[in-house]
Amino acid sequence: MDRWAYIECMPTTKQDSKQPRSKFYELLQGQVHNEFHASQQYTALGVWFDNEDLPELAKFFYAQAIEERNHAMALVQYMMDTDHHVTIPGTGEVRNEFSSAKELAELALEQEKEVTSDIKTLTKAARSEDDFLGEQFMQWFLKEQVEEVATMSTLVNVFERADGNLFEVERFVHKHLRGDADDDDMPEVAGGKL
């Protein structure tokens, strides 16, 4: 399913009358789907690495899955705070089969590039609608995506340089990709940050 296609299928309820649906809020609802999908995909990557007895890579991707879930719930909280109806979507299909460990890192990098494009689109929509609060809200996500793409690019490079030696990749992940420090600037997360 197209990353934004299911928006057209969203039900209309009385709650939708809280605020008129702008392009920005339609895209924001779509991004909730994208973030939950990213969370599920990272869970699948973590399971793959776990099953291959690569605990550092598994731990890294399990943490990424939680982070993406938190991003989705921050979007949910923002929509509730701005009196917009929120629909929690399904996540769609995730990829579980890979022929090499490097493929997983490449998929993660492509996923983060797509999310970056989505966040830019959201920010442009808020700006074009003079939604200053929405544009300001998206600033944290823009900054976050710079970090996410850089991290996944580094991971792909490490896989390439390790030339098939997964224990070297494990060592690098253990030493250098220990997860995000607590980000006090992160927007509030519905239900609390995990």
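A short reminder: the numbers here are calculations on the coordinates, not readings from a lab. The structure presented is a predicted model; accordingly, all values stated were derived computationally and were not measured. FYI the Cβ positions are ideal-geometry reconstructions off the backbone, even for glycines, and counts take in every protein chain you see.
With just the Cα atoms defining each centre, how far is the stretch 127-187 from the stretch 54-113? Give it in Å.
Using only Cα atoms, the two centres lie 12 Å from each other.
Between His176 and Asp53, what is 0.36 nm times their sequence separation minus the Cα-Cα distance? Round to one decimal in nm.
Stretched fully, the His176-Asp53 segment lengthens by 42.3 nm.
In nanometres, what is the gap between the two model label sites at Arg161 and Lys113, each 7 Å from Cα along Cα-to-Cβ?
Inter-label distance under the simple model: 2.1 nm.
Relative contact order of the chain, please, whole-number percent, based on alpha carbon pairs below 8 angstrom and at least 6 residues apart. Spell out each step's value before the answer.
Working: 192 pairs, mean separation 52.8, N = 194.
Worked out over the chain, it gives 27 percent.
With a Förster radius of 35 Å, plug the Cβ-Cβ distance of Glu129 and Glu93 into 1/(1 + (r/R0)^6) and report the FRET value to the nearest 0.05.
0.65
Using the Karplus curve 6.51 cos²θ - 1.76 cosθ + 1.60 with θ = phi - 60°, work out ³J(HN,Hα) for each residue of the stretch 27-40 in order, rounded to whole Hz, and write x for Gly and Pro.
Per residue, the Karplus-derived 3J(HN,Hα) values read 5, 4, 4, x, 5, 4, 4, 4, 5, 5, 5, 4, 4, 5 Hz.
Find, among the GluC sites (Glu not before Pro) in the stretch 23-103, those assigned to loop by DSSP (not H, G, I, E, B) with at most 15 other beta-carbon atoms within 10 angstrom. Display every interim value, and only then the final one.
Numbers: sites: Glu26, Glu35, Glu52, Glu56, Glu67, Glu68, Glu93, Glu97, Glu103; in loops: Glu52, Glu93, Glu97.
Taking the stretch 23-103 and a limit of 15 other Cβ atoms within 10 Å, the loop GluC sites (Glu not before Pro) found are Glu52, Glu93, Glu97.
Can you find, among Ser153, Pro187, His85, the residue farthest towards the positive end of the dipole of the stretch 83-194? Put +1 on the C-beta of Lys and Arg, -1 on that of Asp and Glu.
Going by the Cα projections, it comes out as Ser153.
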